[in-house]
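The values are calculated or read from the model by the stated rules, or taken from the named source; none is laboratory data. In this text the structure is predicted, and so the values were computed from the model without any measurement. Methodologically, a virtual Cβ is constructed for each residue, glycine included, from the backbone with ideal geometry; neighbour enumeration extends over all protein chains shown.
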Amino acid sequence: MVNVESTTIRKDNPMTLSPNRPPGSTVGRREDGDISLGRIHQRTTPGTVAGVLRTAILDGTLAPGSQLREAHIAADLGVSRAPLREALSILADEGLVVKIAYKGAFVAEVSAKGMAEIASLRKRLEPYAIELALPRLSGAGRTRIVRTLQDMARGADDGDLTRTIDAHMSFHRVIYELSEHGLLLDLWRSWESQLQLFLSADHQSFPDLHDVVAEHERLLTIIDTGDLEAITREIDRHVHGSTDAAPAATAPVDGSQPSNA
């Protein structure tokens, strides 16, 4: 259940903040100890505000289930309510924010049921995306996917969970993009933010970020064989393994109980 009196911004976020925060904003601590998103120092648009909030949600600065109080955030960012409200609508469309009548906007939480549904689709669709992408996993396509592994490794070396998860998402997104199948890519985009939010919130499932890198290096090695049966088996293991769909889950923001994964 959402606590409508909950603090908007967590003080004890254990994760490293991403160095890739959108330009024009800063992060720091106010004198009262709360984390401040910092004022936006560039032209204010709903997209700019949404970018700052999106990063704060995905890197854990704004905790799942916490209330996004308009007055507090508008003052913190130095923006008016109008672009902030539009930004919240953008994030609601992405599945990162939930609006509850008469209560306000809250950072979304992802249920075990939701993750299980995403996993069931990925188990069936990702091998097909890989099959379509195989002819383009060389040359420029190879460079793109290897770069995601390099970014993942750098994030792991720095202990930066956000950067590692960003690269994790990029690895799979590149595969869908290289499939050149528009509907498959649209499906990936439809669940990417929820998957990233879940992985960010469930950071305790990553005792060593280098394990995430190793899992994706293993997957790429099997993809390189071109053996579609082996690829399908590995995707089944990969998606349902600890590095891609952790067993723990938070309660849905509407207060209902999560289903068992």
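Assess whether Lys99 counts as being under 24 Å from Gly65 (Cα atoms), out of contact with any strand residue (DSSP E or B) (no Cβ under 8 Å at 6 or more places or on another chain) and basic (Lys, Arg).
It is false that Lys99 is under 24 Å from Gly65 (Cα atoms), out of contact with any strand residue (DSSP E or B) (no Cβ under 8 Å at 6 or more places or on another chain) and basic (Lys, Arg).
Of everything in region 225-238, what is under 16 Å from Leu132 (Cβ atoms) and either without any contact (Cβ under 8 Å) to a residue 60 or more places away in the chain or surrounded by fewer than 16 Cβ atoms within 10 Å (Cβ to Cβ) (or both)? Give them in sequence order.
Scanning region 225-238 gives Gly226, Asp227, Leu228.
Filter region 89-108 for residues that are in contact (Cβ under 8 Å) with a residue 24 or more places away in the chain, assigned to a strand (DSSP E or B) and surrounded by fewer than 17 Cβ atoms within 10 Å (Cβ to Cβ) and give the result.
Ile100, Gly104
Give the residue, chosen from Ser190, Ser111, that is among the hydroxyl-bearing types (Ser, Thr, Tyr), crowded, with 19+ Cβ neighbours inside 10 Å and over 26 Å from Thr225 (Cβ atoms).
Of the residues listed, the single one that is among the hydroxyl-bearing types (Ser, Thr, Tyr), crowded, with 19+ Cβ neighbours inside 10 Å and over 26 Å from Thr225 (Cβ atoms) is Ser111.
Report yes if some residue within region 138-150 is of a type outside the set (Asp, Glu) and at pLDDT below 95; otherwise report no.
Scanning region 138-150, I find at least one residue that is of a type outside the set (Asp, Glu) and at pLDDT below 95, so the answer is yes.
Outside the structural domain of Ala50 (by TED's automatic domain parsing), closer than 21 Å to Gly51 by Cα, free of Cβ contacts under 8 Å to residues at least 24 places away in the same chain and surrounded by 15 or more Cβ atoms within 10 Å (Cβ to Cβ): does that describe Ser200?
Considered against the rule, which asks whether it is outside the structural domain of Ala50 (by TED's automatic domain parsing), closer than 21 Å to Gly51 by Cα, free of Cβ contacts under 8 Å to residues at least 24 places away in the same chain and surrounded by 15 or more Cβ atoms within 10 Å (Cβ to Cβ), Ser200 comes out as no.
Before we move on, is Leu184 closer than 23 Å to Glu94 by Cα, at pLDDT below 95 and among the aliphatic types (A, V, I, L, M)?
no
Check off (1) at pLDDT below 90; (2) surrounded by 14 or more Cβ atoms within 10 Å (Cβ to Cβ); (3) outside any loop (DSSP other than H, G, I, E, B) for Ala50 and give me the number that stays unchecked.
Condition not satisfied by Ala50: (1).
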